[in-house]
1. Could you run through segment 110-148 and say how many residues are over 12 Å from VAL188 (Cα atoms) and within 16 Å of the ligand (Cβ to nearest atom)?
2. Looking only at segment 153-184, count every residue that is crowded, with 17+ Cβ neighbours inside 10 Å and either of a type in the set (Gly, Ala, Ser) or in contact with a Gly (Cβ under 6 Å, 6 or more places away or on another chain) (or both) and tell me the total.
3. Limited to segment 201-229, what total is found for residues that are among the charged types (D, E, K, R) and either within 17 Å of ALA157 (Cα to Cα) or outside any loop (DSSP other than H, G, I, E, B) (or both)?
4. Does segment 254-275 contain at least one residue that is in contact with a Phe, Trp or Tyr (Cβ under 8 Å, 6 or more places away or on another chain), within 15 Å of PHE74 (Cβ to Cβ), at pLDDT 95 or above and of a type in the set (A, V, I, L, M)?
5. Contact list please: Cβ distance under 8 Å, first residue in segment 168-193 and closer than 15 Å to LEU73 by Cβ, second residue assigned to a loop (DSSP other than H, G, I, E, B) and within 12 Å of the ligand (Cβ to nearest atom), pairs at least six apart or on different chains.
6. Report, by residue number, each residue of segment 209-265 that is within 16 Å of the ligand (Cβ to nearest atom), surrounded by fewer than 20 Cβ atoms within 10 Å (Cβ to Cβ) and touching a residue at least 60 places away in the same chain (Cβ under 8 Å).
7. Please specify each residue of segment 81-101 satisfying the condition of being out of contact with any Pro (no Cβ under 7 Å at 6 or more places or on another chain) and farther than 16 Å from HIS181 by Cα.
Amino acid sequence: MTALADPRRFDLDALRERLLDERDGEVDTSIPQLATADPALCAIALVLPDGSIRSSVQADAPFSVQSAVKPFLFALALLDTDGEALDRVGIEPTGESFDALKLESGTGRPPNPMVNAGALLTASLVEGADASARSARIARGLAAFAGRDLDVDEDVAHNEHLLGDRNHALAHLMRAEGTLHATADDAVEVYARACATLVDAETLAVMGATLACGGVNPRTGDRVIPERVARDVVSVMATCGVYDGSGRWMRAVGVPAKSSVSGAIVLSAPGRLGAAVVSPPLDAQGTSVRGRLAIEALSDELGLHAFAAH
Ligand code: GLU
């Protein structure tokens, strides 16, 4: 067995340099702000349970969090509904793309909180009488996970609300099934705004570390969610976080994660660390190509695979 590396000494800049040679993947083109992302952006950050941070260059470069927000929306919905969100959304992997126009057969619920239907629903379940109150609640919740206030890219929020035709279709489908109670337009607005939240690799790693530390932010020491909620969220990240690539991800990487179209991946290795990688070129499942390679390397070299007999 090869000796494992110490995360405190891991050379993230050397790993990043190796990744820059990788040129595969396509930048998402769903909205102009994503289509013009710099394909050369590549950053990695790790946050350990003692709150220490290790990061590569560009770990302070901002990007919209996109679907990497979904675990945190699920957490806030579980918290605000006292667990009732678990009756309103399934937790089974779909084997389908992130925005497939499909609900759980028999119940009409979204299949899981990591695909768009599920996140449209969880964003509608957080506390708040209307869309702007729910968005404000989400902003406060995300700030607690991050340990700082986060801005929203208003152009991204606007365009995703305007151009997200499949998200509008999914919201209407859930309305027709009686599983979404907010109006379809409000649900899309709140979800689009959450996706447009600006983070950087370091901040997203703190958010992942908060889940990995059982719901306590290791930087601020604040309990953000109960331990049981963190466990539920990380479990569903493990089975559904990489969409129709979740099985391959679990086999190769063995660490719960959530991918996103901005090229970010948030990682949560319970009791070990939180991490984030961002690099915009994506594979066919919408996972960052360099992000996957970076996290495979971290998993191998730090011994993070949940099913390896280290
Ligand atoms: N905001 C994106 C959408 O709803 C998120 C998808 C993703 O990041 O995978 O289309």
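1. 8
2. Residues in segment 153-184 being crowded, with 17+ Cβ neighbours inside 10 Å and either of a type in the set (Gly, Ala, Ser) or in contact with a Gly (Cβ under 6 Å, 6 or more places away or on another chain) (or both): 6 in total.
3. Within segment 201-229, the first condition is being among the charged types (D, E, K, R), and the residues that meet it are 202, 219, 222-223, 227-228.
Subset that is either within 17 Å of ALA157 (Cα to Cα) or outside any loop (DSSP other than H, G, I, E, B) (or both): 202, 223, 227-228.
Of the residues in segment 201-229, 4 are among the charged types (D, E, K, R) and either within 17 Å of ALA157 (Cα to Cα) or outside any loop (DSSP other than H, G, I, E, B) (or both).
4. yes
5. LEU170/ASP99; VAL188/GLY164; ALA192/GLY164
6. ASP244
7. Taking segment 81-101 as the starting set, the residues that turn out to be out of contact with any Pro (no Cβ under 7 Å at 6 or more places or on another chain) are 81-88, 91, 93, 95-101.
Across segment 81-101, the qualifying residues are ASP82, GLY83, ILE91, PRO93, GLY95, GLU96, SER97, PHE98, ASP99, ALA100, LEU101.
The values are calculated or read from the model by the stated rules, or taken from the named source; none is laboratory data. As the structure is a computational prediction, the values presented were derived from the model and not from experiment. Positions of Cβ are generated from backbone atoms using ideal geometry, with glycine treated the same way; all protein chains shown enter the neighbour counts.
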